[in-house]
1. Over segment 497-579, average the accessible area per residue using a 1.4 Å probe and give it in Å², no decimals.
2. Roughly how compact is segment 569-685, stated as its Cα Rg over 2.2 N^0.38 Å to two decimals?
3. Give the distance, in whole Å, between the Cα centre of segment 489-519 and the Cα centre of segment 552-608.
4. First measure r as the distance between the Cβ atoms of E712 and V507, then evaluate 1/(1 + (r/R0)^6) with R0 = 25 Å and state the FRET efficiency to the nearest 0.05.
5. Give the percent of DSSP beta bridges with both residues in the chain that are antiparallel, rounded to the nearest 5.
6. If you place +1 on the Cβ of every Lys and Arg, -1 on the Cβ of every Asp and Glu, and leave all else neutral, what size is the dipole of the chain about its Cα centre, to the nearest 20 Debye?
7. Among the trypsin sites (Lys or Arg not before Pro) within segment 470-536, which fall in a DSSP loop and have no more than 11 other Cβ atoms within 10 Å of their own Cβ?
8. Within 10 Å of each candidate Cβ there may be at most 15 other Cβ atoms; applying that plus a DSSP loop requirement, which trypsin sites (Lys or Arg not before Pro) in segment 573-671 survive?
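The values are calculated or read from the model by the stated rules, or taken from the named source; none is laboratory data. The structure displayed is predicted, hence computed values, not measured ones. Using ideal geometry, Cβ is built from the backbone for each residue, glycine included, and neighbour counts are taken over all protein chains shown. SASA here: full protein model, heavy atoms, side chains in, ligands and nucleic acids out. Shrake-Rupley method; radii C 1.70, N 1.55, O 1.52, S 1.80 Å.
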Amino acid sequence: MKKRYDAKESEPKWREFWEEEGIFKFSKDSNKPVYSIDTPPPTVSGRMHLGHAFSYSQQDFIARYKKMAGFNVFYPFGVDGNGLPTQLLIEKTKNVRAVEMGREKFRQFCMKVLDEEIIEDFISDWKRIGMSCDFNLIYDTIKNLPRKISQKSFIDLYRAGREYRTEAPAMFCPKCQTAISQVECEDAEKSSYFNDIVFKVDGEKLIIATTRPELLPACVAVFYHPDDKRYKHLLGKKAKVPLFDLEVPIMEDKRADPEKGTGIVMCCTFGDSTDCEWQKAYNLPIREAIAKNGKMTKIADKYEGLHMKNARKQIIEDMKTKGLLKSQKPITHAVNVHERCGTEVEFIHSKQWFIKYLDLKEDMMKWGKQLNWFPDHMRNRYENWVKGLAWDWCISRQIYFGIPFPVWYCKDCDEVIVANEEDLPVDPIVDQPPVEKCPKCGCAKIIPETDIINTWATSSLTPQIAASLVPEMYDKIYPMNIRPQAHDIITFWLFNTVVKSQLHNNVNPWKDCVISGWALDPKGKKMSKSKGNVVDPRIMIEKYSADCLRFWAAGSKLGEDLPFQEKDMVTAKKMVNKLWNASKFAIMHLEEYYGSKTELEVFDKWMLSKMQSLIKECTDSFDKYEYSKAKAAVENFFWNVFCDYYLEIVKDRLYNPDKRGKESKISAQYTLYYSLLSILKLIAPIMPFITEEIYQMFFRQRENTKSVHELEWPEFDENLVDAQIEEFGDTGIDYIDSVRKHKTDNKVSLAAPVELEIDEKYKDKLEPVLEDLKAVLKAEEIKFGTDKIKLTKNI
């Protein structure tokens with residue numbers, strides 16, 4: 001038996017063993033009930049970060065528990081190699097530009113780099129933290145199966161009347177050069193200025209405050225609130241836009257905020273979502289002042305070609321010179337930015353594909369209530385998102401890498417021509433259309449769609465994609481049991497997956513939503529490279545171990561953010577070492593034990609009764625996805641019951657069987673075997689490597705099961721629960737504590753012999769454990785009378 005446990009040697013060994021032996025392989029022939037997990041496919045945009053290790057460890061605790069609890073666990077592994085994140089990664093790491101290579105050449109280049117250089121190494125990070133996925137069941141959202149399912153989803157929803165293509169204002173990222181959807185925006189606090197600008201009405205000054213003076217050439221109207229008496233007299237008049245030879249109507253609308261700025265606001269096409277709503281409601285003209293590249297257009301006159309931020313500065317300077325800028329007030333306000341790059345979002349009028357779903361908001365609320373949320377309050381995020389939806393889902397992207405729309409158009413009449421299902425997946429730029437002429441007008445000029453389907457429109461199909469990996473068991477896998485994910489993508493991934501599943505199959509995609517929090521830096525701040533506060537999980541694994549990192553991740557309640565403190569890794573390392581050393585001690589005394597049983601001693605019965613409470617607590621906690629409670633319970637029991645008391649109590653019986661008889665030792669061995677194996681099982685979902693090492697070292701040959709993770713979860717045995725025995729044992733523990741404290745206070749060794757007199761009223765409770773007490777307390781004599789502890793002289 002090795003003296004020390006070496007995680008660097010052990011963890012790779014057991015990872016390889018699990019794969020070679022198919023320990024976590026999903027069985028098509030098993031009679032066990034299927035438990036299916038919609039594994040989050042990590043985005044291929046770099047390496048695994050600490051947040052990944054945190055969140056994926058937590059879902060793996062559940063997967064491992066369910067396997068031991070008797071389920072045939074369907075736990076595939078996916079990667080999201082589709083779309084903009086991968087495009088940006090390839091461009092950065094390979095120093096190439098998609099726009100210069102062209103779509104097809106760039107697509108082929110990306111696929112080659114992904115297959116040959118990225119994916120295998122990327123997945124290895126997840127294997128390293130001990131993920132118990134069936135790595136024979138892997139999908140990549142950019143590969144053929146997901147491409148086919150995504151394109152079929154598009155065609156089905158188009159034919160169902162749920163998708164449409166139209167010219168409309170769409171959110172656009174000038175940096176990434178693509179349309180984005182509401183779900184891909186986030187608020188960011190930005191410093192800016194409220195500029196009080198002088199408009200003219202009938203020669204009189206009208207002061208309007210704006211943070212976007214560069215949008216003046218796109219101004220098409222001015223609005224005030226109907227109840228704002230300051231501006232009632234202006235209704236129906238025209239306002240002259242400063243610097244530009246424009247006159248625009250003055251109108252009233254309840255969406256104008258009397259408390260914001262000067263209470264009267266310019267409507268530009270398009271500055272924000274309210275501008276879009278006004279333009280549509282009042283059929284206002286569309287004037288585009290900012291192009292897709294972020295530069296000013298021809299209607300900006302002398303500012304044409306300037307980047308919008310430079311144009312803002314120049315326009316402000318020109319207004320100052322002409323006396324058209326009354327004042328500037330510094331402000332900090334929330335603006336919409338693209339979550340991928342942090343660039344402020346613009347609104348561009350262009351043709352885009354949308355999924356129509358604003359009419360389903362009541363249904364969306366109902367679907368959310370049908371799900372089981374863990375923790376329950378996370379449903380609020382879903383519901384708040386639904387309540388705030390203002391746009392149909394824009395699913396077209398002007399990027400080079402991703403899944404193409406399976407669509408062509410008639411060049412003359414713009415008729416939409418979709419691919420035949422049997423031809424999927426297709427790329428309209430490369431593949432021929434399914435018809436030679438337009439079915440509507442007969443034109444022979446058929447042109448391909450060049451846009452890409454938004455990656456979330458594919459990722460929202462992961463339950464169907466995963467279930468399609470085992471088509472013969474599709475109906476047993478989908479709908480799934482559980483979606484584990486972090487709270488920050490409830491609006492991205494969870495919501496859209498529910499929508500897609502309901503639109504296609506009229507069913508929720510899973511029963512339970514298990515929502516994890518974030519891993520934060522030691523000060524409770526979000527980690528980012530720019531802040532220099534990133535903790536690399538690979539370094540932590542190398543320094544401590546994957547078990548230690550998982551043990552740290554188990555310290556957070558489900559859904560709660562957890563600041564990373566390295567001292568927690570030190571605590572985890574102590575747990576690993578203690579588990580190893582305690583197991584070594586136990587195994588040393590169990591090597592010649594082969595399962596015989598005798599009448600058990602009282603402290604052994606006490607241990608088994610206490611163990612039932614632990615088993616019940618852990619089982620109940622895991623069933624409710626409260627792994628942190630299970631972890632805390634096992635940790636506390638292992639240190640404070642098993643090690644501090646039980647092992648010390650039975651040492652004398654194990655070392656000196658002649659004093660108490662062979663049966664007394666067998667009683668201790670039976671209890672020690674059962675207790676240690678139960679502890680290993682209970683902590684195995686959280687610390688899979690050290691538990692496998694200990695199991696293989698001793699228990700495998702006796703249990704005849706290949707892996708600790710294939711053992712059955714410990715069952716609560718009511719027959720072993722004995723309240724009276726626990727009272728006897730607990731009373732004995734109290735006296736052990738008292739004597740230990742007395743020795744410590746008197747600065748003598750715990751091995752120092754004592755004479756002990758115990759209150760007569762405890763005689764009935766302590767007589768059954770008297771011999772064990774004598775041994776563990778080094779008591780030369782224990783009498784009943786009054787409470788008294790006497791250290792033996794000259795010690």
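1. Details: 3580 Å² over 83 residues.
It amounts to 43 Å² per residue over segment 497-579.
2. On the way: Rg = 14.7 Å, N = 117, 2.2 N^0.38 = 13.4 Å.
Rounded to two decimals, the normalised Rg is 1.09.
3. Distance between centres, Cα-based: 37 Å.
4. Numbers: r = 32 Å, r/R0 = 1.29.
Given R0 = 25 Å and the Cβ-Cβ separation, E is 0.20.
5. Working: 62 of 90 bridges.
So the antiparallel bridges amount to about 70 percent of the total.
6. Working: 118 positive and 122 negative charges, 477 e Å.
My answer is approximately 2300 debye.
7. On the way: sites: K476, K500, K511, K523, K525, K526, K529, K531; in loops: K523, K525.
Answer by residue number: K523, K525.
8. Sites meeting the loop and neighbour criteria: K597, K624.
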